[in-house]
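Below is one structure, written out as structure tokens; comments come after it.
The values are calculated or read from the model by the stated rules, or taken from the named source; none is laboratory data. Fair warning: this is a prediction, and the values are worked out from it, not measured in the lab. Quick reminder, even Gly has a Cβ in these numbers, built from the backbone with ideal geometry, and neighbours come from all protein chains shown. For accessibility, only protein heavy atoms count, side chains too; no ligands or nucleic acids. Shrake-Rupley method; radii C 1.70, N 1.55, O 1.52, S 1.80 Å.
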Amino acid sequence: MKIHLITTGGTIEKIYSEQSGQVENLGAKIDRYLQSLRLPDAQIDVTPLMNKDSLEMTDEDRELVFAVVKSKVAGAPVVITHGTDTMVETGKLLKSRLMSGLRFPVVLTGAMTPLGFERSDGLQNLTESLFAARTTAPGVWIVMHNQVFDVEDARKDRENARFVRISA
């Protein structure tokens, strides 16, 4: 099964820069993690769209995400790596524009701790999102920490570093 993976940056993509002494979005590194997974019968098409913290994303950036997702989701599920701070905002935009005639799921995921750092949730969330792309109904979902949320019913709980259901 083909799955389109679109990377936009966010914590899942951040790395430590020795030059600046900061953890920054410097470039997509998802390919390295995909190679460590056993993904039989999955063809992952990676599109490195941008490398931004989601708090730095503009309306134009979200329009670009929408345009790329729209072009890809016509033929296969889509997973988007995205910063968790504004993931719901991007997800709601996608849902408002894509639901009519949507045949495949669109899954947003990210991490609270960068991939490669101790106790990172990035690889877990990436793996779960790829599975969700194959098994969830057409719609726009957030997949984090072994949970699937309708984008309309999710919010980031900063205090506990996770997503929770609004209706709960």
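Taking the square root of 5 times each eigenvalue of the Cα gyration tensor, what semi-axes in Å does the equivalent ellipsoid of the chain have, largest first?
Over the Cα atoms of the chain, the semi-axes work out to 22, 18, 16 Å.
What do the square roots of 5 times the Cα gyration tensor eigenvalues come to for region 89-157, in whole Å, largest first, as semi-axes of the equivalent ellipsoid?
Semi-axis lengths for region 89-157 are 23, 13, 9 Å.
Averaged per residue, what accessible surface does the chain expose to a 1.4 Å probe, in Å²?
Ligands and nucleic acids excluded, the result is 50 Å² per residue.
Peptides 77-87, 150-160: what's the order by average Cβ count within 10 Å, highest mean first?
77-87, 150-160
Expressed in nm², what is the orientationally averaged projection area of the convex hull enclosing the Cα positions of region 4-93?
Its average projected convex-hull area is 6.5 nm².
Checking the table LYS14/LYS72; LYS2/LYS156; LYS72/LYS92; LYS72/LYS95 against a 23 Å threshold on Cα-Cα, which pairs fail?
From the list (LYS14/LYS72; LYS2/LYS156; LYS72/LYS92; LYS72/LYS95), the Cα-Cα distance tops 23 Å for LYS14/LYS72; LYS2/LYS156.
Rounded to the nearest percent, how much of the accessible area of the chain (1.4 Å probe, protein heavy atoms only) is carbon and sulfur?
47 percent
Dividing the Cα convex hull volume of region 42-86 by residue count, how many Å³ per residue is that?
77 Å³
If eta is 1.306 mPa s and T is 10 °C, what Stokes-Einstein diffusion coefficient results for region 60-106, Kirkwood Rh from Cα pairs, in µm²/s?
D = 146 µm²/s.
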